[in-house]
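Please treat every number below as a calculation from the coordinates, not as lab data. Source: prediction; values computed, not measured. In this analysis, Cβ positions are derived from the backbone assuming ideal geometry, glycine residues included, and neighbour counts consider all displayed protein chains.
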Amino acid sequence: MLSEQQKNDLLSLIVLFVGNDPSIAARKSAFNSRTVYAVERMIEANIDCNGNIKDLVSNLVSGGRSLSRGWLKHALGGAKEIIQRSELNGYGCLVVAKSNWKTEILYSVY
Amino acid sequence: MFKTLIIGALTALLAVNAHSASDSAGHLTTIDYSPYYQLTIPTADLAGAKIFAGVGPAIRFSDSLRLGGWVTSGEEDGVPEGFDLALYPRYVLGLDATDELPADLQRLFSLRAFGVSQDAAIAEKPYRNGMLYSACDYPSCLFFVTHHAQNEHILVLKTEGFSINSILSFLEADHVE
């Protein structure tokens, strides 16, 4: 079970990476651990895209920990400022295979 | 063009349960992704299913069976205009080398971009109208469907719980009784 703040952070991350998708945003209340895992994999698949993404991940994973499965769940809930700062710093990296990831995220709530 | 295709796909979603294939008794239902790509599935399999709007039409048949797809010109994912889309799946699945391509395309044309494990089973199978490419790390599979009559768009399918042969049968509608 995710808290409201965790769901908000998760949606902010999704918007940062794939843009604002109404069909995903409308399902925010149904976000769950499977959604977290889908977003975690999406970020990992694009981590080499540019410095912004690397900075974001490194800020989310405090203490220089390595990316082991479940790292994103630990970051959610207190990541609002980090995510907002990433948006203010410029742009979300162009995520390749965007449609694939949108589908993966939607599968997690259906 | 991509948006046009998506709108077309969503329109197809609305008609998904009303469009019977060549089966006048309604035993088959067709998902019409584009004039080139249709999946024809047994109507009985839709009992209790939930059809939802993903990127294109998507169906949750049960907890372990999901099928969603979309047609793409590749534009949204960064494929350059005029690129021969028949090569897209071949590059993504590693069937053709990408060494000669620009770095940004090498990043796009990789299994990692789609979140598919490097251990996934890769296959290519001809079907009546083109080729079906697959990367399966069961129960999840990623499929690319090409059509020999055109290379302006391809069908991408993301499934859970479906075999390659199931998808082939949906493309061929060869399960007509």
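With springs only between Cα atoms under 10 Å apart, run a GNM on chain A and tell me which of A:L56, A:L16, A:L67 wobbles the most. Looking only at A:L56, A:L16, A:L67, the largest GNM fluctuation is found for A:L67. Couplings for segment B:86-98, taken from phi via the Karplus curve 6.51 cos²θ - 1.76 cosθ + 1.60 with θ = phi - 60°, read 5, 8, 3, x, 5, 6, 4, 8, x, 6, 10, 6, 10 Hz in order; Gly and Pro are left as x.
Between B:R128 and B:D96, residue separation times 0.36 nm minus the direct Cα-Cα distance comes to 9.2 nm.
Using a Förster radius of 45 Å, what is the FRET efficiency between B:S64 and A:R85 based on their Cβ-Cβ separation? Nearest 0.05, please.
Result of the calculation: an efficiency of 0.65.
Lys-Lys pairs in the protein assembly as shown that are eight or more residues apart or on separate chains and whose Cα atoms lie under 15 Å of each other come to 7.
Close amide-amide hydrogen proximity is noted between B:Y127 and B:L132, each under 5 Å apart and 5 or more residues distant or on a separate chain (H modeled in the peptide plane; Pro and chain starts excluded).
Near the amide H of A:G19, within less than 5 Å, lie no amide hydrogens of residues on another chain or at least 5 residues away, with H placed in the peptide plane.
Which value, in debye to the nearest 20, describes the size of the charge dipole of segment B:79-177 about its Cα centre when Lys and Arg Cβ atoms bear +1, Asp and Glu Cβ atoms bear -1, and nothing else is charged?
With Lys and Arg at +1 and Asp and Glu at -1, about 140 debye.
Between A:T35, B:Y33, B:V79, the Cα set farthest toward the positive side of the dipole of the protein assembly as shown (charges on each charged residue's Cβ, about the Cα centre) is that of A:T35. For the residues A:A97, A:A75, A:A38, a GNM of chain A with alpha-carbon springs under 10 Å puts the largest fluctuation on A:A97.
In order along segment B:144-149, the Karplus-derived 3J(HN,Hα) couplings, from 6.51 cos²θ - 1.76 cosθ + 1.60 at θ = phi - 60°, round to 10, 10, 10, 10, 5, 7 Hz, and Gly and Pro are given as x.
About the centre of its Cα atoms, segment B:2-172 shows a dipole size close to 480 debye [charges on the beta carbon of Lys, Arg (+1) and Asp, Glu (-1) only; nearest 20 debye].
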